[in-house]
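Engineer: Okay, here's the structure, questions in a sec.
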There are 2 protein chains.
Amino acid sequence: MPERLDELRYHGGNLSAARRSFPNAPEPWIDLSTGINPVPYPLGIIAPSAWTKLPEPCALAELEAAARAAGGAKPSTEIVAAPGTQSLIQWLPRVFPARRVGILGFTYGEHEECWRAAGAQVSTVEALADLIAFDVGVVVNPNNPDGRTFPPDDLAEIAKTLAQRGGLLIVDEAFMDALGRRSSLVPRLPEAGALVLRSFGKIYGLSGLRLGFAVASPQVGGMLRRAIGPWAVSGPAIEIGRRALTDASWLEETVARLTDEAARLDRLLQSAGFEIVGGTPLFRLAQHKRARAFFERLGRAGILSRPFQAKPDFARPVAPISAWLYQRWH
Amino acid sequence: MPERLDELRYHGGNLSAARRSFPNAPEPWIDLSTGINPVPYPLGIIAPSAWTKLPEPCALAELEAAARAAGGAKPSTEIVAAPGTQSLIQWLPRVFPARRVGILGFTYGEHEECWRAAGAQVSTVEALADLIAFDVGVVVNPNNPDGRTFPPDDLAEIAKTLAQRGGLLIVDEAFMDALGRRSSLVPRLPEAGALVLRSFGKIYGLSGLRLGFAVASPQVGGMLRRAIGPWAVSGPAIEIGRRALTDASWLEETVARLTDEAARLDRLLQSAGFEIVGGTPLFRLAQHKRARAFFERLGRAGILSRPFQAKPDFARPVAPISAWLYQRWH
């Protein structure tokens, strides 16, 4: 049992912790512990002024317009760019103070973490409909780590019910790009009681860039925008983000490739005795009685997967460039 | 009188607004409206993983260690990197709720803006000692826009007094790098009642990168770190920031050059009838009875300076690459 397993459980991508846990593993590590596309959107040429100048309001507006078009949001919906979805998750409990928060779980831990830190009572619920009993409800759609999805109709219904009591439904669509617009709540907005979070870095493979969006009613979005303040997003993130979000064919090809690779990874996992529990094209959740032993065996081979504490049978490798996996796994 | 003068007053660097106000001005614009070094730190080569991977905790720790060494902070002082000082200014009123806030003015407007937005009563005071009457005191040192400086001894005294009542002195050292360590409060920390903000983008000429630091006691710094959350700073900002902050000779040469250029700019302004009111090597504050007419004349020539509403006699051009200025001003 690696000493620093906790560090690897908490979040994916911590290769430094992996190296400390498996000091004899071959380099370079293959990181299957995150839901980040391993084939990033090409950076292209970045204008020097993106680095040197404070980002101008009109450049930010163009980025947000690109996100609007890509997500299929209506003109009356507010889109707020931020330095990563995490920064929005940190702000939400401050901007919308809530006493009782319901989170549809088991899911990504940062929502609970941030609401608790702000003093909210957080409950994990198992059914979507249970969320109407809270001041704020949180759903990750598709869910991380099991890929469970929730119909936009059902989410809109919950949001409407919450809105009647001044409540808010937060829908974290971090992995939605791989599923397509029809699965997303974004085209149904604005709804007074709904806020959608969209991640840029995962599907575009550029999580170091720090870019994410909140999509909401003008009132809710405006509150977040004022909280975050000016110049929140870096010049390079604005420039690359805008370019990527207007490149529909890249996204289409990427989703097709990731879907193929996910299927190939499933076959590989099944051949090793895993049962596929769920996932999205960006990650797979697979179950095995001896999942922890597999995690350690992979770790010794320099492949970082993700162990789950809550359900120790699970391992979560993402869809990799499959050649890598074949090469090193066997 | 340009229609959009308000946009240009509010913050520097809004070239889009400048273009709208002076549609016939020659391109490219020369931007003297910000306190940003026009000769940026060289970007160098950025590792692909800085873009693609979530920034690892150890990389962030290395950046913060570089900031510690550069600022002369003690090992017991907490340094918290953030995506720009502005993001810290946005968070401060949420992390340290205060009823009564005193700001030593006339100064950078975002401090007042953010405390008011959070519901605090904000007063502008004229003497440093007046700040002890508040829950939170704010000083910009050196002050923007007049370059007024405050001895670290005096600031430490105020912080001690505020700490006795659980208060906090916030010292915004956004332009301190051009003055040197002896003028800074950072080496005197930790003090329970003091928090220093340091900007990266201004002296290193990379404000689009979004990088800034809070320097404080472990308790105060820890509260800010938890509020901001993980992965707040982009991978490129971590990499470039670390490199720049360990390059002492670049900083030394830059300060020497900016100091020379500021003197040259002063002579130029004086020859046009301006009185130099103050400044730092990164910006100058100059007074003229017809400053607004000069602002407009410069604008028509494609040179953006900064007009001040509170004191309409002032214009604030920063130290430019002086050849540019000579060429276009005459």
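Engineer: When the range A:182-212 is examined, which residues are found to be of a type in the set (Gly, Ala, Ser) and at positive phi?
Structural biologist: Within the range A:182-212, A:Gly205 is the sole residue that qualifies.
Engineer: Helices (runs of 4 or more DSSP H) wholly in the range B:206-313 with at least 1 residues that are acidic (Asp, Glu) - which ones?
Structural biologist: In the range B:206-313, B:235-245, B:248-271, B:291-300 are the helices (runs of 4 or more DSSP H) which contain 1 or more residues that are acidic (Asp, Glu).
Engineer: Test each condition in (1) over 24 Å from A:Arg148 (Cα atoms); (2) modelled with pLDDT of 65 or more for A:Ala323 and report the one that comes out false.
Structural biologist: The one condition A:Ala323 does not meet is (2).
Engineer: I've got another one for you. Answer with yes or no whether A:Glu62 is within 12 Å of chain B (Cβ to nearest Cβ), charged (D, E, K, R) and in contact (Cβ under 8 Å) with a residue 40 or more places away in the chain.
Structural biologist: When the stated conditions are applied, A:Glu62 passes them.
Engineer: While we're here: Determine, yes or no, whether A:Ala248 is among the small types (Gly, Ala, Ser), touching a strand residue (DSSP E or B) at 6+ places or on another chain (Cβ under 6 Å) and modelled with pLDDT of 90 or more.
Structural biologist: no
Engineer: Looking at the range B:285-296, I want the residues that are within 19 Å of B:Ala262 (Cβ to Cβ) and have a partner that is of a type in the set (Asp, Glu) with Cβ atoms under 8 Å, at least 6 apart or on another chain. Which pairs are those?
Structural biologist: B:Leu285/B:Asp146; B:Ala286/B:Asp266; B:Ala286/B:Glu275; B:Gln287/B:Glu275; B:Gln287/B:Asp313; B:His288/B:Glu275; B:His288/B:Asp313; B:Ala291/B:Asp313
Engineer: Another one. Could you figure out which of (1) in contact with a Gly (Cβ under 9 Å, 6 or more places away or on another chain); (2) of a type outside the set (Ser, Thr, Tyr); (3) surrounded by fewer than 24 Cβ atoms within 10 Å (Cβ to Cβ); (4) at negative phi isn't true of B:Val215?
Structural biologist: Result: B:Val215 fails condition (3) only.
Engineer: In the range B:174-230, what count of residues is obtained for those that are more than 14 Å from chain A (Cβ to nearest Cβ), over 12 Å from the mean Cα position of the chain (by Cα) and hydrophobic (A, V, I, L, M, F, W, C)?
Structural biologist: Final tally of qualifying residues: 11.
Table: residues versus (1) buried (at least 21 other Cβ atoms within 10 Å of the Cβ); (2) at the interface with chain B (Cβ under 9 Å from one of its Cβ atoms); (3) touching a Ser or Thr at 6+ places or on another chain (Cβ under 9 Å); (4) more than 14 Å from A:Glu239 (Cβ to Cβ).
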| residue | (1), (2), (3), (4) |
| --- | --- |
| A:Trp51 | yes, yes, yes, no |
| A:Glu56 | no, yes, yes, no |
| A:Gly71 | yes, no, yes, yes |
| A:Ile79 | yes, no, no, yes |
| A:Arg99 | no, no, no, yes |
| A:Phe106 | no, no, yes, yes |
| A:Cys114 | yes, yes, no, yes |
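Engineer: Considering only the range B:21-49, state which residues are part of a helix (DSSP H, G or I) and exposed (fewer than 15 other Cβ atoms within 10 Å of the Cβ). Show your work before the answer.
Structural biologist: Initial filter on the range B:21-49 (part of a helix (DSSP H, G or I)): B:21, B:48-49.
Within the range B:21-49, just B:Pro48 meets the criteria.
Engineer: Can you name the residue in the range B:134-176 that is more than 21 Å from B:Gly221 (Cα to Cα) and among the charged types (D, E, K, R) and, of all such residues, is surrounded by the fewest Cβ atoms within 10 Å (Cβ to Cβ)?
Structural biologist: B:Asp153
Engineer: Check whether at least one residue in the range B:81-89 is farther than 28 Å from B:Val125 by Cα, away from chain A (no Cβ under 11 Å) and touching a residue at least 40 places away in the same chain (Cβ under 8 Å), and report yes or no. Walk me through how you get there before you give the answer.
Structural biologist: Initially, the range B:81-89 is screened for residues farther than 28 Å from B:Val125 by Cα, giving B:81-83.
Now restrict to residues that are away from chain A (no Cβ under 11 Å): B:81.
Filter once more, so that each one left must be touching a residue at least 40 places away in the same chain (Cβ under 8 Å): B:81.
There is at least one residue in the range B:81-89 that is farther than 28 Å from B:Val125 by Cα, away from chain A (no Cβ under 11 Å) and touching a residue at least 40 places away in the same chain (Cβ under 8 Å).
The values are calculated or read from the model by the stated rules, or taken from the named source; none is laboratory data. Treat the numbers as computed from the prediction; the structure is a model and nothing was measured. Counting neighbours? That spans all protein chains shown, and the Cβs are built from the backbone with ideal geometry, glycine included.
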